[in-house]
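The values are calculated or read from the model by the stated rules, or taken from the named source; none is laboratory data. These numbers were taken from a predicted model, which means no experiment stands behind them. Cβ sites come from the backbone with ideal geometry, for glycine too, and all protein chains shown count toward neighbours. Please note that ligands, DNA and RNA were not included when accessible areas were found on the heavy atoms of the full protein model with its side chains. Shrake-Rupley method; radii C 1.70, N 1.55, O 1.52, S 1.80 Å.
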Amino acid sequence: MNQSEPDDLFDRPEAPVRPFEFDADVARVFPDMVRRSVPGYAELVGLSGLIARQVARPGTRCYDLGCSLGAVTRSMLRQVGPGVPIIAVDNAPAMVDGLRARLKDVPGADRVEAVCADIQAVAIEQASVVVLNLTLQFVPVTERLALLERIRGGLVSGGVLVLAEKMAVPDDRGGALLTALHEDFKRANGYSELAISRKRAALEQVLVPESIETHERRLANAGFTGVCRWFQSLNFVAWLAWT
């Protein structure tokens, strides 16, 4: 399970298009899928680890909420000191199993607690870093503010939230260009027109993106006193937020 297989899940015209689900089939191809679908993903993951290196300190915890196979978890593990445990949470058993497999024989892996649970039900306590990497977009819109409030309440003084999302582009020429460029990015990475179309249809039923303005307004409403937009690659954006 440590090796990713090529993502061909949406190149099957005979299969019905169902709502996207992080099941065993997706876990099997996920590293290839996210690399070919999300521009700047490797940089986003690596920089998240460096943020943890800057902010995390002994006696606090790092959380990777919606960890999938744990790319950010492992990035933080490489960067933070031995006195900082990492709580990696995902509600998909196949993803948590995959993370545990990838942690075998990794130095310091005993500091990672892999939890299969709903991120909205997990206590956030004594946190210096909380990462929501392409995760909030899968939470129902009406429940997003409450989740951010819980995260803010669990951060220690000086702690940060790292939030990365696919944004809803504006209905103008710039938004149309970003959308077209993202599809070209996927074509350049070998996705067929069929795969692009079928995956779009599957995600439209479960992934609800929002505008930059909506995200930043909600962060303020959740009690974060500072927000810094630190990353953008096409229609993918990341923020730092702190109390």
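Can you tell me which of Leu203, Leu161 is surrounded by 19 or more Cβ atoms within 10 Å (Cβ to Cβ), touching a residue at least 40 places away in the same chain (Cβ under 8 Å) and within 18 Å of the chain's Cα centre (by Cα)?
Answer to the selection: Leu161.
Can you confirm whether Leu194 is open to solvent by 20 Å² or more (accessible area, probe 1.4 Å) and outside any loop (DSSP other than H, G, I, E, B)?
yes
Tell me, please, whether a residue that is under 18 Å from the mean Cα position of the chain (by Cα), loosely packed, with under 15 Cβ neighbours inside 10 Å and under 23 Å from Gln54 (Cα atoms) can be found in segment 208-228.
The answer is yes; a qualifying residue exists.
Filter segment 5-17 down to residues that are surrounded by 11 or more Cβ atoms within 10 Å (Cβ to Cβ) and charged (D, E, K, R) and give me whichever is nearest to Val34 (Cα to Cα). Talk me through it step by step, then tell me what you get.
Our first condition is that a residue be surrounded by 11 or more Cβ atoms within 10 Å (Cβ to Cβ); within segment 5-17, this holds for 5-12, 17.
Still in the running and charged (D, E, K, R): 5, 7-8, 11-12.
On the way: Glu5: 12, Asp7: 9, Asp8: 13, Asp11: 16, Arg12: 19 Å.
It comes out as Asp7.
Scan the helices (runs of 4 or more DSSP H) fully inside segment 30-111 and keep the ones with 1 or more residues being touching an Asp or Glu at 6+ places or on another chain (Cβ under 6 Å) and buried (at least 24 other Cβ atoms within 10 Å of the Cβ).
Hits in segment 30-111: 71-79.
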